[in-house]
Amino acid sequence: MTDNSPLITAEQFAAQTSAILTSVGEVIDGKPDAVRSALICLLAEGHLLIEDVPGVGKTMLARALAASVDATVRRIQFTPDLLPGDVTGVSVYNPVDREFEFKRGAIFAHIVIADEINRSSPKTQSALLEAMEERQVTVDGSTHALPSPFLVVATQNPLEMEGTYALPEAQRDRFMMRISMGYPDAAAEALMIRQRDVVNPLAAVAAVADADADTISQLIAWARAVHVAPALEEYTVALAQATRSDPSLHLGASPRATLQLIRAAKVWAALDGRDFVIPDDVTALLIPVFAHRLLPARGAHRAGAQPVETALAHIVERVRVPVASRV
């Protein structure tokens with residue numbers, strides 16, 4: 001840790017994060033990787049995009065995380081008729097005071113669930129750009145800060161589904177990670193039928209003790225203080241640069257992607273009980289952090305079903321991993 005380490009201890013970090021993971025895991029059966037990814041995005045000050053077919057628990061995961069943290073939560077159902085002002089807020093004239101007042105939109109919360117984000121128009125989607133990057137919104141020339149911590153958990157159906165709008169590159173690049181829930185296995189699905197036929201599992205979820213906004217901010221500070229060796233920073237940059245020159249990719253990773261990969265790796269290491277990052281932390285997160293930002297080159301789809309993931313796997317194989325030096 002650095003000299004500016006937060007006041008929270010390693011034991012407190014482990015206890016709080018373990019309790020949150022357990023709480024969310026009780027609702028999302030058999031998906032520990034998805035639950036861990038959601039917590040990583042929260043503690044790395046990123047945003048999470050969950051992409052999958054309907055009915056596999058995308059919104060349930062977002063709501064379970066929100067219920068496990070004692071912070072303000074808003075859910076926005078994205079539809080074709082949703083307006084940007086519904087998200088950010090609008091200025092309303094007050095006839096008594098004879099001036100305009102700003103009425104906050106649904107984006108003003110610690111955790112915002114953007115449900116089926118790709119069912120709204122690109123104009124409405126763009127209302128999230130400033131909020132996700134700068135953690136503020138500007139309406140009628142006035143800037144309004146968003147609460148801290150701030151996390152957007154967006155769900156979307158695959159683009160092949162009817163009535164959806166593709167997220168633009170600038171929007172995808174603002175999501176730290178993209179994950180897919182996938183179908184549950186047979187045992188988890190049978191358990192879901194037995195349990196959820198009579199009760200909603202979200203009704204039993206309560207906020208973890210002391211997991212309020214202030215504590216989450218301390219957890220974030222602890223994870224940010226995790227050490228990253230200069231050689232490992234250079235390794236991460238080399239991975240990003242390799243995506244920009246790979247012939248099978250039309251669009252490579254942005255500098256924002258490199259920064260967010262490091263931030264996510266710090267949280268990954270902290271959740272594993274380490275105060276330093278190792279190369280395996282970076283490679284484990286490479287596909288969730290990079291894949292949704294990249295575009296395959298023309299004709300690359302003929303080479304395989306997942307050309308971007310295949311290209312990233314090849315990049316990991318050929319980029320030299322740094323070796324720790326002995327003092």
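The table for this structure:
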{"item": "Check on residue 33, closer than 26 Å to residue 190 by Cβ, of a type in the set (D, E, K, R) and not in a helix (DSSP H, G or I)", "result": "no"}
{"item": "Candidates 209, 188 - the one that is out of contact with any helix residue (DSSP H, G or I) (no Cβ under 8 Å at 6 or more places or on another chain) and under 21 Å from residue 63 (Cβ atoms)", "result": "188"}
{"item": "Residue list for the range 7-17, restricted to those being more than 20 Å from residue 66 (Cβ to Cβ), touching a residue at least 24 places away in the same chain (Cβ under 8 Å) and either within 19 Å of the chain's Cα centre (by Cα) or not in a helix (DSSP H, G or I) (or both)", "result": "7, 8"}
{"item": "Candidate set: the range 34-64, residues that are open to solvent by less than 10 Å² (accessible area, probe 1.4 Å) and modelled with pLDDT under 90; chosen: the one farthest from the chain's Cα centre (by Cα)", "result": "64"}
{"item": "Unique match (being under 21 Å from the mean Cα position of the chain (by Cα) and either surrounded by 15 or more Cβ atoms within 10 Å (Cβ to Cβ) or outside any loop (DSSP other than H, G, I, E, B) (or both)) among 270, 311", "result": "270"}
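One line per residue, one yes/no per condition, for (1) within 20 Å of residue 293 (Cα to Cα); (2) assigned to a helix (DSSP H, G or I):
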site	(1), (2)
19	no, yes
29	no, no
38	yes, yes
41	yes, yes
50	yes, no
59	no, yes
62	no, yes
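Here is a yes/no grid of residues against (1) out of contact with any strand residue (DSSP E or B) (no Cβ under 8 Å at 6 or more places or on another chain); (2) without any contact (Cβ under 8 Å) to a residue 24 or more places away in the chain; (3) surrounded by fewer than 19 Cβ atoms within 10 Å (Cβ to Cβ); (4) among the hydrophobic types (A, V, I, L, M, F, W, C):
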| residue | (1), (2), (3), (4) |
| --- | --- |
| 211 | no, no, no, yes |
| 222 | yes, no, no, yes |
| 229 | no, no, yes, yes |
| 232 | yes, no, no, yes |
| 242 | yes, no, no, yes |
| 251 | no, no, yes, yes |
| 261 | yes, no, no, yes |
| 264 | no, no, no, yes |
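The values are calculated or read from the model by the stated rules, or taken from the named source; none is laboratory data. Fair warning: this is a prediction, and the values are worked out from it, not measured in the lab. Here Cβ is always computed from backbone atoms with ideal geometry, including for glycine, and neighbour counts include all displayed protein chains. Just so you know, the surface numbers come from the protein's heavy atoms only, side chains and all, with ligands and any DNA or RNA stripped out. Shrake-Rupley method; radii C 1.70, N 1.55, O 1.52, S 1.80 Å.
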